[in-house]
1. Looking only at region 1-22, which residues are within 18 Å of residue 126 (Cα to Cα), of a type in the set (S, T, N, Q) and not in a helix (DSSP H, G or I)?
2. Does residue 8 count as within 17 Å of residue 167 (Cα to Cα) and polar (S, T, N, Q)?
3. For region 66-78, does any single residue satisfy the condition of being under 24 Å from residue 15 (Cα atoms) and within 15 Å of the ligand (Cβ to nearest atom)?
4. Find all pairs meeting these conditions: Cβ atoms under 6 angstrom apart; at least six residues apart or on different chains; first residue within region 140-156 and under 15 Å from residue 65 (Cβ atoms) and away from the ligand (no atom under 16 Å from the Cβ); second residue modelled with pLDDT of 95 or more and open to solvent by 30 Å² or more (accessible area, probe 1.4 Å).
5. Would you mind finding the one in 160, 117 that is at pLDDT 95 or above, open to solvent by less than 10 Å² (accessible area, probe 1.4 Å) and of a type in the set (D, E, K, R)?
6. So is residue 180 away from the ligand (no atom under 12 Å from the Cβ) and either in a loop (DSSP other than H, G, I, E, B) or touching a residue at least 40 places away in the same chain (Cβ under 8 Å) (or both) or not?
7. Out of 161, 111, 127, I need the residue that is within 16 Å of the ligand (Cβ to nearest atom), of a type in the set (S, T, N, Q) and either under 17 Å from residue 45 (Cβ atoms) or in contact with a Ser or Thr (Cβ under 9 Å, 6 or more places away or on another chain) (or both). Which one?
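The values are calculated or read from the model by the stated rules, or taken from the named source; none is laboratory data. Keep in mind it's a predicted model, so treat the numbers as computed, not measured. Because the Cβ atoms are built from the backbone with ideal geometry, glycine has one as well, and the counts that use them run over all protein chains shown. Ligands, DNA and RNA are stripped out before the accessible areas are found, and what is left, the full protein with its side chains, is counted by its heavy atoms. Shrake-Rupley method; radii C 1.70, N 1.55, O 1.52, S 1.80 Å.
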Amino acid sequence: MNTADLFNQLVRNRRSVFPDQFDAGKKVDDTTVKEILTNAIWAPNHGKEEPWQFTVFTGEGLKTLADFQSELYKQEAGDNFKEATYIKLQNQPLKASHIIAIGMKRSVNKNIPEVEDICAVACAVENMYLSLTAYGLGGYWTTGGITYKEKAKAFFGLGDNDRLLGFFYIGYIAVPSTSAKRQPLEEKVKWVKE
Ligand SMILES: Cc1cc2nc3c(=O)[nH]c(=O)nc-3n(C[C@H](O)[C@H](O)[C@H](O)COP(=O)(O)O)c2cc1C
């Protein structure tokens, strides 16, 4: 197969794989995770600002993340506290091999709109998604839990002007995702030729 055909297949077969589908306890090599992160940082970004900041949790670090996010949820939930959510925040991380907290460090050059820093980080995450697929690993981007809590930022080395954009879970696949569908191209693309 030529490179373009291979790449088309890789992109179209990429699927989110969720923690309950992971082979819990099976560890991905840190070296592979570094390769995935290296692909992430080769994403396009405006002004060469490279506005990503990743924190990798693995081993006992997964418990550290689980404790942090469940306790922050408890602190902030008030009357809306739900025991099931607390337990999920405790348990989900432990199913993964590695979890990468996805941070956006705001560009120093303020001529670059914030949305462009966010877009650059999203490009980096897509590189991670595609890399996982190439390695036969599973994972997904979640923006649930404490993602948008201001008080979470400092734990991930992020300041007031930065943003936490979620978490990228990585694991070996025990139960593959089923095939997915997309709307026809014609519904999403308009061509202008004259
Ligand atoms: C910005 C972003 C945030 C997401 N957040 C969540 C999430 O919080 N929970 C979740 O189950 N999936 C989340 N996903 C993954 C989507 O559920 C998944 O991409 C979608 O179902 C399409 O499936 P696919 O990735 O296999 O094509 C997120 C994806 C993106 C791009």
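1. 16
2. Considered against the rule, which asks whether it is within 17 Å of residue 167 (Cα to Cα) and polar (S, T, N, Q), residue 8 comes out as no.
3. no
4. Pairs found: 155/68; 156/55.
5. Result: 117 is the single residue among 160, 117 that is at pLDDT 95 or above, open to solvent by less than 10 Å² (accessible area, probe 1.4 Å) and of a type in the set (D, E, K, R).
6. no
7. That would be 127, the only listed residue that is within 16 Å of the ligand (Cβ to nearest atom), of a type in the set (S, T, N, Q) and either under 17 Å from residue 45 (Cβ atoms) or in contact with a Ser or Thr (Cβ under 9 Å, 6 or more places away or on another chain) (or both).
The rows are residues; the columns are (1) within 18 Å of residue 156 (Cα to Cα); (2) modelled with pLDDT of 95 or more; (3) in contact with a Cys (Cβ under 7 Å, 6 or more places away or on another chain).
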{"position": "14", "(1), (2), (3)": "no, yes, no"}
{"position": "31", "(1), (2), (3)": "no, yes, no"}
{"position": "44", "(1), (2), (3)": "no, yes, yes"}
{"position": "69", "(1), (2), (3)": "yes, yes, no"}
